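J.: Here it is, the structure, as structure tokens.
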Amino acid sequence: MSSFRNHVQLIGNIGSELTIPDLESGKKLVRFSLATNEYYRNGKGQKVESTDWHNIVAWGKTAEIIEKYASKGSEIGVIGKLRSRTYEGHDGNQRYVTEVVADEVLLLGSKTNGNATPKASSQKSNEKDGQQEEDTAKNGGKGSDKDSTAENGKGNVKKS
């Protein structure tokens, strides 16, 4: 039952270029937006498309796989957990953001969508859980990830 706590599964298309800041620790970090679509029929019977946008963060081996095999427009599946954090914006105001921290990634689609076809096996990083990261405001302009998106030591990937 504990696997249902703070568990997110999404399938969608990468909607932005990957943001890959250079961290002083040398660890790999990838950020991107993911668009998920839902289709339904309204009261008049017309097909309606609804798109939701999600901020995704991946660390370690998972980030390396995304960087190597995915790009804007690629269809991927993400399994992870929600994290909320705050940071100070350029204007000095405090900002709040909720992100999905990816534990596993499923590469979907074809080469034409930006996904490569080599098979990737499940890989795990040997990093310690709960390890804190440096302030990505210096490195990626996104603010501090110190307590909320520290690398969780997982780097799993599945290839369909």
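J.: If we count other beta carbons within 10 Å of each Cβ, what is the order of VAL101, VAL48, VAL8, fewest first?
T.: So the residues, fewest neighbours to most, are VAL48, VAL8, VAL101.
J.: Limiting things to C-alpha atoms, what are the Rg and the maximum Cα-Cα separation (Dmax) for the range 15-89, in angstroms?
T.: Calculated on Cα positions, Rg and Dmax stand at 16.0, 56 Å.
J.: Which net charge results for the neighbourhood of TRP53, defined as the other residues with beta-carbon distances under 14 angstrom from its beta-carbon, given Lys and Arg at +1 and Asp and Glu at -1?
T.: -2
J.: 5 Å is the cut-off here: which amide hydrogens, built 1.01 Å from N in the peptide plane, fall below it relative to ARG95, excluding neighbours closer than 5 in sequence?
T.: The answer is TYR87, GLU88, GLY89.
J.: Can I ask one more? Starting from 0 in steps of 5 Å, tell me what percent of the Cα-Cα pairs of the range 1-58 lands in each bin.
T.: Computed distribution, short to long bins: 4, 14, 17, 15, 14, 15, 9, 5, 3, 2, 1, 0.
J.: List the GluC sites (Glu not before Pro) within the range 1-47 that DSSP assigns to loop and that have no more than 15 neighbouring Cβ atoms inside 10 Å.
T.: Listed in order of number, the matching sites are GLU17, GLU24.
J.: Here's a follow-up. What are the ³J(HN,Hα) couplings of the range 67-74, residue after residue, when phi is run through the Karplus curve with 6.51, -1.76, 1.60 and θ = phi - 60°? Round to Hz, x for glycine and proline.
T.: My calculation for the range 67-74 gives 4, 6, 10, 10, 7, 3, x, 5 Hz in order.
J.: Then there is this: Name the residues whose placed amide hydrogens come within less than 5 Å of the amide hydrogen of SER74, ignoring near sequence neighbours (fewer than 5 apart) on the same chain.
T.: Hits under the 5 Å cutoff: ILE14.
Laboratory data are not the source of any read-out in this text; all were calculated from the coordinates shown. Predicted model only: the values in this text are computed from it and were never measured. All Cβ positions, even for glycine, are placed from backbone atoms using ideal geometry, and neighbour counts span all protein chains on display.
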